[in-house]
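All remarks here apply to the structure that follows.
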Amino acid sequence: MKPVRINIYKLTYTIDLPVILLFVAVSLDIISTTLFVGLDAGVEKNPILARLIDISIWFIPVYLLATDALFIPFLSGILRKTFSYAFALISVVLAVNNFSLILSGSAFLIDTVGFNGIVIFLILFGLVTFAYFLKQANLDRKEVLFSYLKFILFILFVLFVHSLFFAITWLML
């Protein structure tokens, strides 16, 4: 698939196969989370999203898109693929867990591993995926170090976005 690039104020928003997979997976997570909250099938284990849902159910797509998918297409090739696959995998896993909760009353994954275990898995999978794509790219040392720096900066950006939503919950409740 040929990537589609949209230039916005000297930033390029690239939509390619990994990004499409990411948006499909996050959409599945949004649908499953909205269903299990709407059907009152269980309790949201993500502490920030749980408090946001208490404010309004409309925070589900806003939070999941803003923290998992919206900014990833702005990244360059290796980082875009890394974060797309990592967040897509975790979104699919959480969506399957949500559907399990709706259909059988058991959130097998969260009940077994816990929400923090899922986050740790996401981090480890992201690191392994990043290392794999770096190895495949055959970059020189300077480019590898610059890629690591961008990787860390994007993680800090994601943490910043999460902290903004935490601030919203703190101010609203």
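Just so you know, all these numbers are worked out from the coordinates, no wet-lab data involved. Worth saying up front: this structure is predicted, and the values here are computed from it rather than measured. Glycine gets a Cβ as well: all are built from the backbone with ideal geometry, and neighbour counts include every protein chain shown.
A few comments on the model shown:
- Residues considered: Ala95, Ala41, Ala137. Largest GNM mean-square fluctuation over the chain, using C-alpha springs under 10 Å, is found at Ala137.
- Residue-wise HN-Hα couplings along region 74-88, as the Karplus relation 6.51 cos²θ - 1.76 cosθ + 1.60 with θ = phi - 60° gives them from phi, are 6, 7, 6, x, 4, 5, 4, 5, 4, 6, 4, 5, 5, 6, 5 Hz; Gly and Pro carry x.
- Mean residue ellipticity (222 nm) of the chain, computed from DSSP H runs ≥ 4 via -39,500 (n - 2.57), nearest 500: -25500 deg cm²/dmol
- Under a model in which nothing but the beta-carbon of Lys, Arg (+1) and Asp, Glu (-1) is charged, region 1-109 shows a dipole of about 520 debye around its Cα centre.
- Taking Lys142, Lys45, Lys150 in turn, the Gaussian network model of the chain (Cα-Cα springs below 10 Å) assigns the largest fluctuation to Lys142.
- Spatially near lysine pairs across region 4-172, Cα under 24 Å, sequence gap of 8 or more or different chains: 8
- Backbone geometry of region 15-26 corresponds, through the Karplus equation with coefficients 6.51, -1.76 and 1.60 at θ = phi - 60°, to 3J(HN,Hα) couplings of 10, 10, 4, x, 6, 4, 4, 4, 5, 5, 5, 5 Hz, x marking Gly and Pro.
- Amide proton proximity set for Thr12, modelled H, under 5 Å, gap of 5+: none
- Counted by neighbouring Cβ atoms within 10 Å, the residues Ile20, Ile8 run from fewest to most as Ile8, Ile20.
- Ordering Leu75, Leu22 by the number of other Cβ atoms within 10 Å of each residue's own Cβ, fewest first, gives Leu75, Leu22.
- Arg80, Arg141, Arg5 arranged by Cβ crowding within 10 Å, fewest neighbours leading: Arg141, Arg5, Arg80
- Integer Hz, Karplus 6.51/-1.76/1.60 couplings in order for region 2-8, x for Gly and Pro: 7, x, 9, 10, 10, 8, 10
- Projecting the Cα atoms of Ala88, Leu127, Leu149 onto the charge dipole of region 80-173 (Cβ charges, centred on the Cα centre) puts Leu149 farthest toward the positive pole.
- Ordering Leu64, Ile30, Ile6 by Cα displacement along the dipole of region 1-71 toward the positive end leaves Ile6 in first place; charges were set at the Cβ atoms of Lys, Arg (+1) and Asp, Glu (-1).
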